[in-house]
Structures are given as C-alpha cells and as structure tokens.
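Asks: A single structure is presented below for examination.
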Amino acid sequence: MSGFLWGELDLLLRLLAGMAAGIVVGWERTNKQRAAGIRTFGLVGLGTAAAATIFSEPNESDAASRVVQGVLTGIGFLGAGVIVLRRGHATPTGLTTAAAIWVTAALGCAAGLGDHAIVLSATLLALVLLVIDHSV
C-alpha cells in the first residue's frame, strides 16, 4: 500500500476512535435517559478528534497543544448548557453529563493525536465511573 493510503487509513481510524469513545459514553447516558446521548457524545468525540488531527504532525506539537487547550476550554460551554437548576431544588442536575461531555472531548483529542491506548483505557474508566451506583 502506498504512503498516502496508509495516511488516509490512519486518519479514518483516529476519527472513528474518537467517535466510538463518544458513542460508548453516550450509550450509558442514553440508558439513563439523560438529555445528551449517543448522538451528542459521538459528535463531541468525532469533532474533537478532527480538530486534534489537523495539527497532529510531530513538528506541529505547539499548535496541537493550543488546539487541545482551546477545545477543552470551549467544550465547557456545551457542558454548561446541560446543567439545569430545577425550580424548588437547591442542587443542580446534569453535572455528571456535563463532566462526561468534557471527558469525551479529551478522549476525542487523544484519538485525534493518535494515542489509542489512552482512548481505550480512559473510555473504559469513564464507563466504569458512570455505571457505578450513587450508593457506592
């Protein structure tokens, strides 16, 4: 196979890894009937993987660092939109979903930069945390 084809396959695998990580986390949120689910999380994972992939070359590490910083800061606005203060309740809801959106953005960035070990292990750890019941 030519170098071009390998590069395109690597790009596709990075984007799929980011999207898959988002889908896994979103699946758990969908099962708990939360506001954000598979589509939202899949899009966050895919979008952040795409943003990180743009500057994933070894000679662009400074630019990649700035992109990841901007993505992880900006994704907080999406998470903030999920947090709601219900009338008559002192505590907000949606904090776990907002945190999961932020984690999914980090997973997407790791996928976009080609660090599949972090994507796999952190996705599994996030899923474990989301599945754990409040009583633990």
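Asks: Quick one: would you say Leu13 is within 22 Å of Leu120 (Cβ to Cβ), part of a helix (DSSP H, G or I) and open to solvent by 80 Å² or more (accessible area, probe 1.4 Å)?
Replies: Details: within 22 Å of Leu120 (Cβ to Cβ): yes; part of a helix (DSSP H, G or I): yes; open to solvent by 80 Å² or more (accessible area, probe 1.4 Å): yes.
Criteria met by Leu13.
Asks: To continue, here is another question. Can you tell me which residues in the stretch 21-55 are surrounded by fewer than 19 Cβ atoms within 10 Å (Cβ to Cβ) and of a type in the set (Gly, Ala, Ser)?
Replies: Those that are surrounded by fewer than 19 Cβ atoms within 10 Å (Cβ to Cβ) and of a type in the set (Gly, Ala, Ser): Ala35, Ala50.
Asks: Can you give me the number of residues within the stretch 83-123 that are open to solvent by less than 60 Å² (accessible area, probe 1.4 Å), assigned to a loop (DSSP other than H, G, I, E, B) and free of Cβ contacts under 8 Å to residues at least 24 places away in the same chain?
Replies: Residues that pass the stated criteria total 1.
Asks: Given Ala99, Ala52, Ala80, Ala122, which one is modelled with pLDDT under 95, farther than 20 Å from Leu11 by Cα and under 13 Å from the mean Cα position of the chain (by Cα)?
Replies: Values: Ala52 fails: farther than 20 Å from Leu11 by Cα; Ala80 fails: under 13 Å from the mean Cα position of the chain (by Cα); Ala122 fails: modelled with pLDDT under 95.
Exactly one of Ala99, Ala52, Ala80, Ala122 is modelled with pLDDT under 95, farther than 20 Å from Leu11 by Cα and under 13 Å from the mean Cα position of the chain (by Cα), namely Ala99.
Asks: If you don't mind, there's one more thing I want to ask. When residues of the stretch 31-82 are filtered for being part of a helix (DSSP H, G or I), more than 13 Å from Gly112 (Cβ to Cβ), touching a residue at least 40 places away in the same chain (Cβ under 8 Å) and hydrophobic (A, V, I, L, M, F, W, C), how many remain?
Replies: 2
The values are calculated or read from the model by the stated rules, or taken from the named source; none is laboratory data. Computed from a predicted model, the values in this text were never measured in an experiment. Here the Cβ is made from the backbone with ideal geometry for all residues, glycine too, and neighbour counts use every protein chain on show. Ligands, DNA and RNA are stripped out before the accessible areas are found, and what is left, the full protein with its side chains, is counted by its heavy atoms. Shrake-Rupley method; radii C 1.70, N 1.55, O 1.52, S 1.80 Å.
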